[in-house]
1. Given 388, 278, 199, which one lies farthest toward the positive end of the charge dipole of the chain, if we put +1 on the Cβ of every Lys and Arg and -1 on the Cβ of every Asp and Glu?
2. Please compute the Cα-Cα pair-distance distribution of the stretch 224-277 with 5 Å bins starting at 0, giving whole percents from short to long.
3. Mean-square fluctuation check for the chain, GNM, Cα pairs under 10 Å: which of 294, 260, 252 is largest?
4. In terms of Cα to Cα distance under 26 Å, which lysines are near enough to residue 27, apart from those fewer than 8 places away along the same chain?
5. First obtain the Kirkwood hydrodynamic radius of the stretch 162-203 from its Cα pairs, then insert it into the Stokes-Einstein equation at 10 °C and 1.306 mPa s, and state the resulting D in µm² per second as a whole number.
6. Once each part is reduced to its C-alpha centroid, what is the distance from the stretch 284-302 to the stretch 35-72 in angstrom?
7. Charges at C-beta only: +1 for Lys and Arg, -1 for Asp and Glu. How large is the resulting dipole of the stretch 100-226 about its Cα centre, in Debye rounded to 20?
8. Please turn the phi angles of the stretch 175-189 into ³J(HN,Hα) values with the Karplus equation 6.51 cos²θ - 1.76 cosθ + 1.60 (θ = phi - 60°), one per residue in order, whole Hz, x for glycine and proline.
Amino acid sequence: MTNKTLNTIIIGAGIGGLVTALCLAKKGLKSEIYEKTPELSELGAGVQLSPNATKVLNYLGLLSELRKYTFEPQAFKFLNYKNKNIIAEQNLGEEIEKKYGAPNYDVHRADLQKVLLEEVKKQGIKIHTNSVVHDVSQDEISAYIHTNQGKVEGDLIIGADGIHSLVRKKLWGDDRARFTGNVAWRMLVPVDRLPPNLVQPNTTVWLGPNKHFVQYHVKNGSMLNCVCLVEQEGWTNENWAERGNIEELKELYKGWHDSLQTLLEYSNPESLYRWALHDRLPLKQWSKKRITLLGDSAHPMLPFLAQGAAMAIEDGAILASSLASFSDCKLGLIDYESKRKIRTTMVQKMAARNAKIFHLSGLAAVMRNLVMNFAGKKIMNDLYNYDATSI
Ligand SMILES: Cc1cc2nc3c(=O)[nH]c(=O)nc-3n(C[C@H](O)[C@H](O)[C@H](O)COP(=O)(O)OP(=O)(O)OC[C@H]3O[C@@H](n4cnc5c(N)ncnc54)[C@H](O)[C@@H]3O)c2cc1C
């Protein structure tokens, strides 16, 4: 058997699963996706797509379609929560595109998913919705998924099934996701209801003690995506569809700069949701013979570096290239893991470290502010220089 006849089963039609199917198709490799939800839902918030992610989307020929929905921020600004002083900043826009060879876009998750889905359909890749995978198994010649619709045989399985991955549990046991002590609140605010000049065309991160606040435009600039990340104990619900109370949120940000208070005043309480943030420690190994993990199932991380989706996208490109390079898919999976593990573990750790650094107060915050510009640029370079399409 040559690798061109590989029959790949992907579990999960999230960003990771869809991009992987498209990268496999680009290499002439076949795959089918099994997704537990009856319909692909449009839940979720904004996603920042840094150049390391858009390089892959460009390789897949999707950037012009995506551009219909994205917003290109002009700068990254970290602001002091009280006096609005700039702690650190970095130009984005054309400068970043020139430097890293691909743009930095902000997009709503539903729009990204729509563009990926349309391309998946165009490529004739089959998505089996309403297929809940409840077990995986393998023998010397095949791998199998066991679903509510029956047993399916393939040559290999990619578990792109998110932070609560069944595949991870079946391969490596039940290491429960840990509550990180952080709760994320998110809302979408229509820009036309905001006072003029209240928000700049930037990705803005307000830093304060025990919490921070991220804002950027999505939906072609018509909506402002706000994510409020707050250290809060005693509430650990992970459901993305749990509504938040705007009065409670305002109380949490009492004493922060007037611009932020005004933004909360004009916000849209119906779009306010909250969920508790969980993560897991990095795994020692991802793959067993014909079964591997990808995206959040392999390396779930806090959103404090805005790289979770980007890492899943990079994974997809590298996995497809590894599978195309070996006639034995087991060797392809070893190659994939060896190319991805170090980078994703590093990013997982940096995101966890930011959870502490972003929320410092007092003297520690003053020290952080002194080095943040320099340190931020170095991290950006390491993240954005990477090109998963040429490895
Ligand atoms: C507040 C917040 C902000 C974020 N911001 C950013 C950002 O700006 N930039 C960025 O790059 N990342 C960001 N991320 C991270 C990013 O959203 C995730 O890392 C990314 O969506 C993971 O994609 P995935 O495909 O691995 O998993 P998921 O999106 O979780 O997809 C998993 C899929 O598998 C399906 N599934 C699960 N179990 C089964 C089963 N047993 N059988 C069949 N199907 C199954 C699920 O229904 C789902 O469709 C953010 C995350 C959060 C929480």
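1. Looking along the dipole axis, the top candidate is 388.
2. 4, 17, 31, 27, 15, 7, 0
3. The residue with the greatest mean-square fluctuation here is 252.
4. Correct list for residue 27: 4, 55, 114, 121, 122, 126, 288, 289, 330, 339, 341.
5. Values: Rh = 14.7 Å.
My calculation gives 108 µm²/s for D.
6. 22
7. Values: 15 positive and 13 negative charges, 112 e Å.
Magnitude of the dipole: close to 540 debye.
8. Listing the rounded values in order: 8, 4, 4, 9, 6, 8, x, 10, 10, 9, 10, 9, 7, 10, 10 Hz.
Every number here is computed from the coordinates shown, using simple stated rules; none is lab data. The structure presented is a predicted model; accordingly, all values stated were derived computationally and were not measured. With ideal geometry, Cβ positions are generated from the backbone for all residues, glycine too; neighbour counts draw on all protein chains shown.
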